[in-house]
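J.: Take this structure, written in structure tokens, and hold onto it; I'll ask about it next.
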Amino acid sequence: MRELLEKIVYMFNTGDLSGVDDVFSSSYIDHQKPPYIDVDGPEEFRLIVQGARRSEPFHVDILDVIEGQNKIVARLHWFGNDRGREIDRETIEILQVENGLVVEHWGAVVPEV
């Protein structure tokens, strides 16, 4: 399952969305989806990455991964610049996997200490 997470991070880092349909189920639901996006499934993820990549360059690193039977939990580090503002944050991501594809996502920003 870690390879699914690695593919997602690769897509954020490069903007290469050619593997989206190999990672996300057609029934994919993002519980962290912005309210201005009114589609689900792989197309929703494409819109998220395209929106993120419109800003100045940033990078995502995988810091920690915990794998369960059908879930993967990860701590990610996002850093770079967004229109002159420094990006330096960590998030916790939970992915539900069924039949080798991501079907659900939950995420939260880790509060700064």
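J.: So, with +1 on the Cβ of K and R and -1 on the Cβ of D and E, and no other charges, what is the size of the charge dipole of the range 72-113 about its Cα centre, to the nearest 20 debye? Mind showing how you got there, number by number?
T.: Numbers: 4 positive and 8 negative charges, 21 e Å.
Using Cβ point charges on Lys, Arg, Asp and Glu, the range 72-113 gives about 100 debye.
J.: For the chain, with all protein chains present and a 1.4 Å probe, just round the carbon and sulfur fraction of the accessible area to a whole percent. Show your work: numbers first, answer last.
T.: On the way: 3350 of 6710 Å².
Carbon-and-sulfur percentage of accessible area, whole number: 50.
J.: Something else now. Determine the dipole magnitude for the range 20-86: charges of +1 sit on the beta-carbon of Lys and Arg, -1 on that of Asp and Glu, nothing else is charged, the reference point is the Cα centre, and the result goes in debye to the nearest 20.
T.: Details: 8 positive and 13 negative charges, 47 e Å.
Computed charge dipole of the range 20-86: roughly 220 debye.
J.: Express in % the proportion of alpha carbon pairs of the chain at distances exceeding 24 Å.
T.: Cα-Cα pairs of the chain separated by over 24 Å account for 20 percent.
J.: Can you pull out the chymotrypsin sites (Phe, Trp or Tyr not before Pro) in the range 3-44 that DSSP calls coil and that have at most 15 other Cβ atoms within 10 Å? Walk me through the intermediate numbers first.
T.: Values: sites: 10, 12, 24, 28, 36; in loops: 36.
Filter output for the range 3-44: 36.
J.: Over the range 22-97, what is the relative contact order in percent, taking alpha-carbon pairs closer than 8 angstrom and at least six residues apart? Don't skip to the end; give the middle numbers.
T.: On the way: 105 pairs, mean separation 16.2, N = 76.
It comes to 21 percent, rounded to a whole number.
J.: Explain nothing, just the number: dipole magnitude of the chain about its Cα centre with +1 on each Lys and Arg Cβ and -1 on each Asp and Glu Cβ, in debye rounded to the nearest 20. If you can, show how the numbers build up before the last one.
T.: Working: 11 positive and 22 negative charges, 42 e Å.
Dipole of the chain, to the nearest 20 debye: 200 debye.
J.: By the scheme Lys and Arg +1, Asp and Glu -1, what is the net charge of all other residues having a beta-carbon under 14 Å from that of residue 30? Present the calculation step by step, with values, prior to reporting the outcome.
T.: Working: positive: 33, 46; negative: 38, 40, 43, 44, 93, 104.
That sum, taken over residues with Cβ under 14 Å, equals -4.
J.: What whole-number value in Å² describes the accessible area per residue of the chain for a 1.4 Å probe?
T.: Details: 6710 Å² over 113 residues.
Spelled out: the 1.4 Å probe surface of the chain, per residue, equals 59 Å².
J.: In the range 81-113, which trypsin sites (Lys or Arg not before Pro) are in a loop and have at most 12 other Cβ atoms within 10 Å, using DSSP for the loop call? Each step should come with its number before you reach the end.
T.: Values: sites: 83, 85, 89; in loops: 83.
Answer by residue number: 83.
The values are calculated or read from the model by the stated rules, or taken from the named source; none is laboratory data. Values in this document were obtained by computation on a predicted structure and should not be read as measured data. Cβ: placed from backbone, ideal geometry, glycine included. Neighbour counts: every protein chain shown. For accessibility, only protein heavy atoms count, side chains too; no ligands or nucleic acids. Shrake-Rupley method; radii C 1.70, N 1.55, O 1.52, S 1.80 Å.
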